[in-house]
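In what follows, a structure is listed as structure tokens, so that the remarks can point back to it.
The values are calculated or read from the model by the stated rules, or taken from the named source; none is laboratory data. Bear in mind the structure is a predicted one, so any value in this text is a computation, not a measurement. Here the Cβ is made from the backbone with ideal geometry for all residues, glycine too, and neighbour counts use every protein chain on show.
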Amino acid sequence: MIDATCPLVAKVYQEARRFARDGRTLLLLGHAYHEEVEGRYGHAPDRTVIVETVADAKALDLPPDAPVAYLTQTTLSVDETRDIITVLQRRFTGLRGPATDDICYASQNRQDGIRAIVDRCDLVLVVGSTNSSKSIRMVEVARRLGGRAELVPDVTHFDPTWLAGVNTVGVSAGASAPEILVDQLLDRLAELGFADPSVQRVATEDVVFSPPARLTGGTDVL
């Protein structure tokens, strides 16, 4: 067995165990159906409450001085998460949180990319699967900012009627979407008259994670 858990996700699992050992109720910001949230909940199920929305945060049945801590799903919308944390900070005097932002840098960079182009596009297409939280959050960010946006799992799901009245199309993709799916969508758009794309760069990703030790001759610690 090789443990290939993303180091960013593993860090949050460790934080969950630490807060639980401290006797704190863990407020887990995320979507209950998501695999990452299910996995994190399993580390301290008797001390964890899932908080999906601002309304959930306001409805928590805990006293203001309750020993609580919050952690976030790594693929959430930055804006949505900030609003929930603000409510928690107002409600609980002893609130603790992670030392650094738990939202994945790849998620944040792509959400920032959407923000950078949405005002200049009549339509934004996000390449990503229907169960990809990163991709779904990107669509939500575009719509929250007033843009038209659609999720495109692959080119066969693209509907040419979306282009009616559209002059400029923005294309992005979830962090785990294979590049070939983006290229296929760009080729289809070119066939329909949307050729010569320009690139909007908002960040340079140069973070490199080492592969699991057992793949390089070492020993994993599980």
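For the range 15-57, what are the residues that are under 21 Å from residue 92 (Cβ atoms) and among the charged types (D, E, K, R)?
Within the range 15-57, 15, 17, 18, 21, 22, 24, 40, 46, 47, 52, 56 meet the criteria.
Going by the structure shown, is residue 75 among the hydroxyl-bearing types (Ser, Thr, Tyr), outside the structural domain of residue 181 (by TED's automatic domain parsing) and without any contact (Cβ under 8 Å) to a residue 24 or more places away in the chain?
It is false that residue 75 is among the hydroxyl-bearing types (Ser, Thr, Tyr), outside the structural domain of residue 181 (by TED's automatic domain parsing) and without any contact (Cβ under 8 Å) to a residue 24 or more places away in the chain.
Looking only at the range 171-210, which residues are out of contact with any Leu (no Cβ under 8 Å at 6 or more places or on another chain), in contact (Cβ under 8 Å) with a residue 24 or more places away in the chain and assigned to a loop (DSSP other than H, G, I, E, B)?
The answer is 174, 175, 176, 177, 200, 202, 203, 205, 207, 209.
I'm trying to understand the selection: among the residues of the range 37-71, which are modelled with pLDDT under 90 and among the aliphatic types (A, V, I, L, M)?
37, 44, 71
Among the residues of the range 123-142, is any over 30 Å from residue 11 (Cβ atoms) and outside any strand (DSSP E or B)?
So far as the range 123-142 goes, no, none of its residues is over 30 Å from residue 11 (Cβ atoms) and outside any strand (DSSP E or B).
Identify, from the list 177, 190, 149, 142, the residue that is among the aliphatic types (A, V, I, L, M) and within 30 Å of residue 1 (Cα to Cα).
None of the other options fit; the residue is 177.
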